[in-house]
Amino acid sequence: MTASPDVIEDAPKAREAPLPSATLGGDSKRSVEQIALLLFITVPFVALLAAVPLAWGWGVSWLDLGLMVAMYYIGCHGITIGFHRYFTHGSFKAKRPLRIALAIMGSLAVEGPLVRWVADHRRHHRFSDAEGDPHSPWRYGETVPALLKGLWWAHIGWMFDEEQTPQQKYAPDLIKDPAIRRVSRQFALWTSVSLLIPPLVGGLATWSWQGAVTAFFWGSLVRVALLHHVTWSINSICHAVGKRPFKSRDRSGNVWWLAVLSCGESWHNLHHADPTSARHGVLKGQLDSSARIIRWFEKAGWAYDVRWPDAGRIDSRRKEDAVHAA
């Protein structure tokens, strides 16, 4: 008997009962937090959509472009090195000043409070692409329509779910740290700082309100939207497509065209095969700027006990066919 053509091959097995769907409003009253989240998603996204015709018609100044790129990679590496590899997985140990700096840098990405981010991601790894995973694209089944619905859920929809990850259960170590707990609770403050730095620099550099406005558009709104969607793509795209040379119990894949924008996070298959590894791009030609910066931190003495993958560790996680091919 042949399989239905609209069934995705090698998908996780269907569950006996569907998981609860996202709560986007309906009969339930949206919380203030959900409304704020909706604004933080839609406003930068509208700016991102407007960026292309604006850049085509009027261009973008080198100052605005520089602010956008600088703020993007500060926030991106704050997420990838700080929130993800350090706080979530303990890929290395950091001296106190670096620990706090990484917490602040990650907060500048405007992706939610540190403790909540870490709790969600640790839960994701515990139940990756199975029941309990907060953002699996395979949530609704294996057919093409189900996967499309699941991709939307994994990309954005899950953030509006009323059922939130218990932070005390998944991130007790961070809650016990007063400084980290303070940075996490100051998320609104760091969001304001993140959004105000570009217009402040742009306004002072050009000594004009126009310079401040365009810097806010490119360096704040467009930058936040782009970073959000790249980060969310790791949850959605990288769990639906991509090469899988390493053994993992989920559908995590390597998506090469996201590597530079995601600071190395899109080498996602190795990450799920070896979550504590400080380097995700372990194969030849796999760019991983986050790993490079961690190496610099290590050489400066700011980071130590870094969990670098060696050849034996990498080979032990390869699939049998990948080992023979190599």
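The values are calculated or read from the model by the stated rules, or taken from the named source; none is laboratory data. Owing to the predicted nature of the structure, the values given are computational and were not obtained by experimental measurement. Note: ideal-geometry Cβ built from the backbone for every residue, glycine included; neighbour counts use all protein chains shown.
If you go through the stretch 199-239 and pick out every residue that is within 18 Å of the chain's Cα centre (by Cα) and either more than 17 Å from Ile74 (Cα to Cα) or not polar (S, T, N, Q) (or both), you end up with 18. Of all residues in the stretch 312-326, exactly one satisfies the criterion of being closer than 22 Å to Lys93 by Cα and either small (Gly, Ala, Ser) or modelled with pLDDT of 90 or more (or both), namely Ile314.
Annotation note: of Lys284, Lys319, the sole residue that is within 30 Å of Glu142 (Cα to Cα) and surrounded by fewer than 17 Cβ atoms within 10 Å (Cβ to Cβ) is Lys319. Trp218 - would you say it is in contact with a Pro (Cβ under 8 Å, 6 or more places away or on another chain), touching a residue at least 40 places away in the same chain (Cβ under 8 Å) and in a helix (DSSP H, G or I)? For Trp218, the condition - in contact with a Pro (Cβ under 8 Å, 6 or more places away or on another chain), touching a residue at least 40 places away in the same chain (Cβ under 8 Å) and in a helix (DSSP H, G or I) - is met. Count of the stretch 85-111 residues, restricted to those that are touching a helix residue (DSSP H, G or I) at 6+ places or on another chain (Cβ under 7 Å) and either of a type in the set (Lys, Arg) or in contact (Cβ under 8 Å) with a residue 60 or more places away in the chain (or both), is 14.
I'd like to check something: does the stretch 231-244 contain any residue that is of a type in the set (Lys, Arg), in contact with a Phe, Trp or Tyr (Cβ under 9 Å, 6 or more places away or on another chain) and either under 27 Å from Met71 (Cα atoms) or surrounded by fewer than 22 Cβ atoms within 10 Å (Cβ to Cβ) (or both)? Looking for residues that are of a type in the set (Lys, Arg), in contact with a Phe, Trp or Tyr (Cβ under 9 Å, 6 or more places away or on another chain) and either under 27 Å from Met71 (Cα atoms) or surrounded by fewer than 22 Cβ atoms within 10 Å (Cβ to Cβ) (or both), one finds at least one in the stretch 231-244, hence yes. Counting only helices (runs of 4 or more DSSP H) that fall entirely inside the stretch 227-326 and contain at least 3 residues that are farther than 26 Å from Arg123 by Cα and either of a type in the set (Gly, Ala, Ser) or out of contact with any Leu (no Cβ under 7 Å at 6 or more places or on another chain) (or both), the qualifying elements are 289-300, 311-316, 320-325. Going residue by residue through the stretch 230-252, is there one that turns out to be within 18 Å of Lys93 (Cα to Cα) and either at pLDDT below 95 or of a type in the set (D, E, K, R) (or both)? No, that holds for no residue. Screening the stretch 206-215 for residues that are touching a Gly at 6+ places or on another chain (Cβ under 9 Å) and in contact (Cβ under 8 Å) with a residue 24 or more places away in the chain and picking the one that is farthest from Val110 (Cα to Cα) gives Gly211. The criterion of at least 3 residues that are closer than 20 Å to Asn269 by Cβ and under 17 Å from the mean Cα position of the chain (by Cα) is met, among helices (runs of 4 or more DSSP H) falling completely within the stretch 123-190, by 144-155.
From the residues in the stretch 59-98 that are among the basic types (Lys, Arg) and touching a strand residue (DSSP E or B) at 6+ places or on another chain (Cβ under 8 Å), which one is farthest from Leu258 (Cα to Cα)? Per the stated criteria, the residue is Lys95.
What is the residue count in the stretch 170-205 for residues that are in contact with a Ser or Thr (Cβ under 9 Å, 6 or more places away or on another chain) and either touching a residue at least 24 places away in the same chain (Cβ under 8 Å) or surrounded by fewer than 19 Cβ atoms within 10 Å (Cβ to Cβ) (or both)? So the count comes out to 17.
Do you know which residues across the stretch 266-296 are of a type in the set (Ser, Thr, Tyr) and without any contact (Cβ under 8 Å) to a residue 12 or more places away in the chain? Of everything in the stretch 266-296, nothing turns out to be of a type in the set (Ser, Thr, Tyr) and without any contact (Cβ under 8 Å) to a residue 12 or more places away in the chain. Please indicate, with yes or no, whether at least one residue in the stretch 89-105 is under 13 Å from the mean Cα position of the chain (by Cα) and surrounded by 19 or more Cβ atoms within 10 Å (Cβ to Cβ). Scanning the stretch 89-105, I find no residue that is under 13 Å from the mean Cα position of the chain (by Cα) and surrounded by 19 or more Cβ atoms within 10 Å (Cβ to Cβ), so the answer is no.
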